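Bear in mind these aren't lab numbers, they're just calculated from the coordinates by the rules spelled out. Not measured: the values here are computed from a predicted model. Cβ placement follows ideal geometry from the backbone for every residue including glycine, while neighbour counts extend to all protein chains displayed.
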Amino acid sequence: MNREDRKKKLELLIEKRKAKIKEGYGALFDECIEALGDGVTILSDNKSEELYDLFEENVPFTVWGRIDWEKFKNPVNINDFVELTDLLDSEEEIEIYWSHDKFPVLKAKFDNIQKALDDVIAVSADTFLYVRGKCLVEINREGEITLGYLGNGFFN
C-alpha cells in the first residue's frame, strides 16, 4: 500500500469514527466536539471506560456524586473560569470527564476548553477537568468551580 492509499484509508477510518460518535452521544456532545476544534482527542470507548473506572476508584466522591473536597488539602473555590488562566498553561493537555452517562473521555488544550466552556459543561450536569499529576477541577451543576491540587495520586 503506497502513501496515498494509506492516507485515504486513514481518512476513511476517521470519518467512520466521527459517524459513530454522532450516532451514539447526542447533539450536545457533538457541539462540544465541534467547539473544541481540531485539537480535541476523543479516546476510544475501551480506553474511556478504563479511565472512568480509575477516576471513580481514585477520586473521593460524596454520596450525591460531587467530589469530596474535604479529602483534598486546600481546595480552591474559583469565582470565574478565567481565574484558572493564572494557574494552568494554555497549552496544558486536560482530560474531560462528565458525571452522567459514559461519554468518551476527551483530551484538549486548556485554551480550547476555555473558549468552548459553555459547550463543554452543557454535555452533563457536572464536568471534571483532570490534569495528570497536577490538579482536578470540578464544575458542578450550580456553576461552582473548585480546584484541587494533587499530591501522590489523585488526592492527599
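Data for the structure
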quantity	calculated
Positive-end extreme of charge dipole, segment 47-113 - chosen from ASN79, ILE67, SER90 (charges on Cβ)	ILE67
For the chain: span of alpha carbons on each principal axis (Å, largest first)	56, 30, 30
Alpha-carbon centroid distance for the pair segment 96-125 / segment 21-76, whole angstrom	7 Å
Rounded to 10°, Cα long-axis angle of helix 45-58 versus longest principal axis of the chain	10 degrees
Cβ charges +1 (Lys, Arg) and -1 (Asp, Glu), total dipole of the chain, debye	720 debye
Members of LYS9/LYS102; LYS107/LYS134; LYS73/LYS134; LYS109/LYS134; LYS47/LYS109; LYS47/LYS102 lying beyond 22 Å, as alpha-carbon distances in this model show	LYS9/LYS102
Pairwise label distance in nanometres, GLU70 with LYS102, each label 7 Å out on the Cα-Cβ vector	3.1 nm
Rounded FRET efficiency, nearest 0.05, which uses the C-beta distance separating LEU28 from GLU50 and R0 of 22 Å	0.40
C-alpha long axis of helix 3-24 to longest principal axis of the chain, angle in °	50 degrees
FRET efficiency estimate (nearest 0.05) - Cβ-Cβ, ILE14 to GLU144, R0 41 angstrom	0.65
